[in-house]
Amino acid sequence: MRTPLVAANWKMNGSREFAEQFFTALDVKGAGCTVVICPPYPYLPLVAEKAGDDIAVGAQNLSQEASGAFTGEVSAAMLLDWKVDYAIVGHSERRSLYGEGSELVARKFVAAQAAGLIPILCVGETLQEREDGRALDVIAAQLQAVKDAAEGDIWDRAVIAYEPVWAIGTGKTATPEQAQEVHRFIRENLGESGAAVQILYGGSVKAANAEALFAQADIDGALVGGASLDAEEFARICRAA
Ligand code: PEP
């Protein structure tokens, strides 16, 4: 039995005032899922304080390095100091805008787990890759990079988010059937470990489409971008999970 999980990715949005108002408006009591809020770095302490014991905190990125001369970077151990539990790795915006390839993403995954954080590993294909019939191959390669870099039973302390790049921030959602096909593929790709792994869907999730997505057998929740900036809309998605 997998506990549903809904994570908010605020991306580079918000302010101190926004974060305070968000928690005043957020009511996820009785939602029956794990709720994770991933704000920009500067708001992690504030969000950790406001989130209390019922809501978990995540970072949107982390360094693959432990410490040293890496200006502008933040390590996994520093995130733990901020009471962070989760860290997103391999978000498609990091892959496409900051040139993060699958090997680097895998190193970040390993660094997160080594420090005791739970990585939320994002995988997904571009529209071109889907149209070329290569979606599943691309996702398999993204997973393989992590398998090559990590040792032991890595999937019992990880979350995977299937985020088709063509559905992120575009208003185009994968149909529940399209998403389910990929989620099933990912679960099978992980072998015996797959049955217990939470696999989230991400890509223009809103309250209006969440229920149909969550009704699919292998969709265990969502990674929510745009709609997570509205506390009431986000709470409705959490309640649907
Ligand atoms: C995301 O950034 O992970 C995401 C899924 O964004 P959106 O919900 O806005 O498509």
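Could you tell me whether the stretch 31-44 includes any residue that is in contact with a Phe, Trp or Tyr (Cβ under 6 Å, 6 or more places away or on another chain), aliphatic (A, V, I, L, M) and more than 13 Å from residue 234 (Cβ to Cβ)? Within the stretch 31-44, one or more residues are in contact with a Phe, Trp or Tyr (Cβ under 6 Å, 6 or more places away or on another chain), aliphatic (A, V, I, L, M) and more than 13 Å from residue 234 (Cβ to Cβ).
The set of residues from the stretch 43-93 being more than 21 Å from residue 225 (Cα to Cα), touching an Asp or Glu at 6+ places or on another chain (Cβ under 7 Å) and in contact (Cβ under 8 Å) with a residue 12 or more places away in the chain comprises 63, 65, 75. Applying the set (1) touching a Gly at 6+ places or on another chain (Cβ under 9 Å); (2) buried (at least 18 other Cβ atoms within 10 Å of the Cβ) to residue 220 leaves exactly one unmet item: (1). A residue that is in contact (Cβ under 8 Å) with a residue 40 or more places away in the chain and part of a loop (DSSP other than H, G, I, E, B) occurs nowhere in the stretch 127-144.
Checking each residue in the stretch 95-125 for being touching a helix residue (DSSP H, G or I) at 6+ places or on another chain (Cβ under 8 Å) and either of a type in the set (Val, Ile, Thr) or within 16 Å of the ligand (Cβ to nearest atom) (or both) picks out 95, 96, 100, 105, 110, 118, 119, 121, 122, 123, 124, 125.
What about residue 83, is it at positive phi and touching a helix residue (DSSP H, G or I) at 6+ places or on another chain (Cβ under 6 Å)? Answer is yes for this residue.
Throughout, read-outs are computed from the coordinates displayed, never taken from laboratory work. Predicted model, so just to flag it, every value in this text is computed and none were measured. With ideal geometry, Cβ positions are generated from the backbone for all residues, glycine too; neighbour counts draw on all protein chains shown.
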